[in-house]
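Here's the structure, in structure tokens; my notes come after.
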Amino acid sequence: MTSIVLGVGAGIAVYKSCELLRLFTESGHDVRVVPTRDALRFVGEPTWAALSGNPVTTEVWESVHEVPHVRIGQGAGLVVVAPATADLLARAAHGRADDLLTGTLLTARCPVVFAPAMHTEMWEHPATRANVALLRERGAIVIEPAVGRLTGADTGPGRLPDPAEIFEVCRSVLAGRARDLAGRHVVVSAGGTREAIDPVRFIGNRSSGLQGYALARTAVARGAEVTVVSANVALPDPAGAKVVRVESARELRDAVLAAAAHADAVVMAAAVADFRPARESDTKIKKSAGEPEPIRLVRNPDVLAELGETRRAAAGPAEGPAPYPRVIVGFAAETDDVLANGRAKLERKGCDLLVVNQVGRGLAFGRPDNAAVVLIAGGGDVEIPRGPKEDLADVVWDLVAERLT
Ligand code: CTP
């Protein structure tokens, strides 16, 4: 259990911080909420007190005998400010101590995470950019805001990331994994491809994209530049990641290979269709046309094998930065002979790590948890017990980070 301070700025996104608070308390942390005076205009003191089970103060003049502006910061294991408004970022960057929250930020010696939320113009203003740069320089973690609908009808960067995304960053900071992928570019494929039969029908699979998005979120939390090649995923974009949307295996191949040329690591978590209909009908196939033709299938490119092959071919005496990823990770969903099939697949596809999980009978697909074994090229494996997909993702990144240093 860690003592967490949840600082709350005065932004319309405050309601999402109630959910963030819930995620902390449900995972056993003790949370002290410190809102600014104006934040209470959006969500009142009783809500924070009831959800946290702790007293809520905004002023340094309350409970003075406890010296709260010093004690709260000193006792914290993590301070997270969500939403962090432009004003709050400015006051924090300039070392102001004009309320309990900014006083707490000055006395805290633990990791500090800011989750900004404001209008795009405010986020992009040189003053805010400079404040964010200054905070980052001093070691604070400032999460990139999400892109999307803002308070009014306008859209752009400035949305508070989903509570689950902010929680993920904090979880990784608390686990001491902070920023070990900083300066690295990683590519994650996620979801499942669709192969068109006609304009309304396709051959697809059950992959939800949950594991791929967990990989993307944890990599962002660990400081990586992340490109997600997302095949038909109905989940909110992971904040701070670049999302390239694709539908078919061939589109996924092109997007992954293009991104991989500049990447340190590629993780192929997507379920890619091995086959596609030989012919895609331009018009809807009507039942009035009589007995349907059988659908003939042809092979799709194997993206993972192609990545391995490209690396093998380029691994000669080339000089300068390598035009291929240094670490290639595959996933394998198997229903039987899981380990033997996995080991053969690892070798066949020339990857460094292969995450093998058993599927079928309600396992893995669409569930928030997963269990797997990571097979390592050259021998050895790491067993990952059933747990959240984020835990599995973190083990994968631990192994990737080891191979990058
Ligand atoms: N994969 C890929 N391109 C394909 C098929 C799969 O890049 N056309 C990748 C997946 O993203 C995954 C890994 O290969 O990382 C394993 O996929 P899987 O379907 O289990 O392997 P297959 O080679 O198709 O083996 P099989 O269907 O015979 O089990």
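The values are calculated or read from the model by the stated rules, or taken from the named source; none is laboratory data. Worth saying up front: this structure is predicted, and the values here are computed from it rather than measured. Reconstructed Cβ throughout: ideal geometry from the backbone, glycine too, with neighbour counts over all protein chains shown. Surface accessibility is based on the protein's heavy atoms, side chains included, excluding ligands, DNA and RNA. Shrake-Rupley method; radii C 1.70, N 1.55, O 1.52, S 1.80 Å.
Observations, loosely collected:
- The sole residue among Ile384, Ile376 that is over 22 Å from Ser172 (Cβ atoms) and either in contact with a Phe, Trp or Tyr (Cβ under 6 Å, 6 or more places away or on another chain) or surrounded by fewer than 23 Cβ atoms within 10 Å (Cβ to Cβ) (or both) is Ile376.
- Test: residue in the range 25-42 that is of a type in the set (Gly, Ala, Ser), open to solvent by 10 Å² or more (accessible area, probe 1.4 Å) and closer than 26 Å to Thr128 by Cβ: no
- The lone exception for Ala278 - which of (1) in contact with a Lys or Arg (Cβ under 9 Å, 6 or more places away or on another chain); (2) under 17 Å from Val187 (Cα atoms); (3) not β-branched (Val, Ile, Thr) it fails: (2)
- Screening the range 159-268 for helices (runs of 4 or more DSSP H) wholly inside it with 2 or more residues that are open to solvent by 40 Å² or more (accessible area, probe 1.4 Å) and within 30 Å of Gly28 (Cα to Cα) returns the ranges 163-174, 210-221.
- Criterion violated by Ala333 - all others in (1) within 25 Å of the chain's Cα centre (by Cα); (2) modelled with pLDDT of 95 or more satisfied: (2)
- Candidates in the range 226-262 are the residues that are modelled with pLDDT of 95 or more, farther than 28 Å from Gln358 by Cβ and under 18 Å from the mean Cα position of the chain (by Cα); of these, the one that is nearest to the ligand (Cβ to nearest atom) is Ala259.
- Residue check, Leu134 touching a His at 6+ places or on another chain (Cβ under 7 Å) and open to solvent by less than 60 Å² (accessible area, probe 1.4 Å): no
- Residue count, the range 269-296 (criterion: within 27 Å of Asn370 (Cβ to Cβ) and either open to solvent by 50 Å² or more (accessible area, probe 1.4 Å) or away from the ligand (no atom under 16 Å from the Cβ) (or both)): 2
- Every pair of residues 6+ apart whose Cβ atoms lie under 6 Å, when the first sits in the range 231-257 and is in contact (Cβ under 8 Å) with a residue 60 or more places away in the chain while the second is of a type outside the set (A, V, I, L, M, F, W, C) and within 14 Å of the ligand (Cβ to nearest atom): Leu252/Thr193; Val256/Ser189
- Total residues in the range 86-108, condition open to solvent by less than 20 Å² (accessible area, probe 1.4 Å) and β-branched (Val, Ile, Thr): 2
- Subset of the range 302-319 that is at pLDDT 95 or above and open to solvent by 40 Å² or more (accessible area, probe 1.4 Å) - its residue that is nearest to the ligand (Cβ to nearest atom): Asp302
- Pairs where the first residue, in the range 393-405, is of a type in the set (Lys, Arg) and the second is open to solvent by 10 Å² or more (accessible area, probe 1.4 Å) and not in a helix (DSSP H, G or I), C-beta under 9 Å, 6+ apart: Arg403/Arg326; Arg403/Asp352
- Within the range 343-355, the set of residues being near the ligand (Cβ under 9 Å from one of its atoms) and either open to solvent by less than 30 Å² (accessible area, probe 1.4 Å) or in contact with a strand residue (DSSP E or B) (Cβ under 8 Å, 6 or more places away or on another chain) (or both) comprises Lys345, Lys349, Cys351, Leu354, Val355.
- Residues in the range 320-330 that are open to solvent by 40 Å² or more (accessible area, probe 1.4 Å) and either modelled with pLDDT of 90 or more or assigned to a strand (DSSP E or B) (or both): Arg326 only.
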